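The values are calculated or read from the model by the stated rules, or taken from the named source; none is laboratory data. Quantities reported herein were computed from a predicted structural model and do not represent experimental measurements. Cβ atoms come from the backbone with ideal geometry, glycine included; neighbour counts cover every protein chain shown.
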Amino acid sequence: MSDIIMQKFEHVLIFKTSIEDSNCKHKVARVLDQLGTIETWSVDLSDEDYVLRVVSSTLSSDDIMELVHGCGFECEILS
């Protein structure tokens, strides 16, 4: 794989959350969409773990967990 693609994979953070529906997702969106340091993010509402994926070259897993917890939702690293 090219170095650029590999670098992109290094910056994908994946979490198990309690963001279980579109209303919950909207609450988190108000916070995550304001950050210029997130390239893209998504929540899989059809997955039983409500998987949150964040692409950011500057934010850490702890940063994301703190932001999601601040919105009132559970968030833990998915390994």
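Failed condition for VAL43, given (1) outside any loop (DSSP other than H, G, I, E, B); (2) modelled with pLDDT under 95, with all others met?
So the condition that VAL43 fails would be (2).
Please go through segment 32-59 and pick out each residue that is more than 13 Å from VAL12 (Cβ to Cβ) and either of a type outside the set (A, V, I, L, M, F, W, C) or exposed (fewer than 13 other Cβ atoms within 10 Å of the Cβ) (or both).
ASP33, GLN34, GLY36, THR37, ASP44, SER46, ASP47, GLU48, ASP49, TYR50, THR58
What are the residues in segment 61-79 that are out of contact with any strand residue (DSSP E or B) (no Cβ under 8 Å at 6 or more places or on another chain), exposed (fewer than 14 other Cβ atoms within 10 Å of the Cβ) and over 14 Å from SER18 (Cβ atoms), if any?
Scanning segment 61-79 gives ASP62, GLU66, SER79.
Sort through LEU52, LEU35 and tell me the only one that's modelled with pLDDT of 95 or more and aliphatic (A, V, I, L, M).
From the options LEU52, LEU35, the qualifying one is LEU52.
Kindly establish whether ILE5 is outside any strand (DSSP E or B) and modelled with pLDDT under 95. Full working, then the answer.
Working: outside any strand (DSSP E or B): yes; modelled with pLDDT under 95: yes.
Considered against the rule, which asks whether it is outside any strand (DSSP E or B) and modelled with pLDDT under 95, ILE5 comes out as yes.
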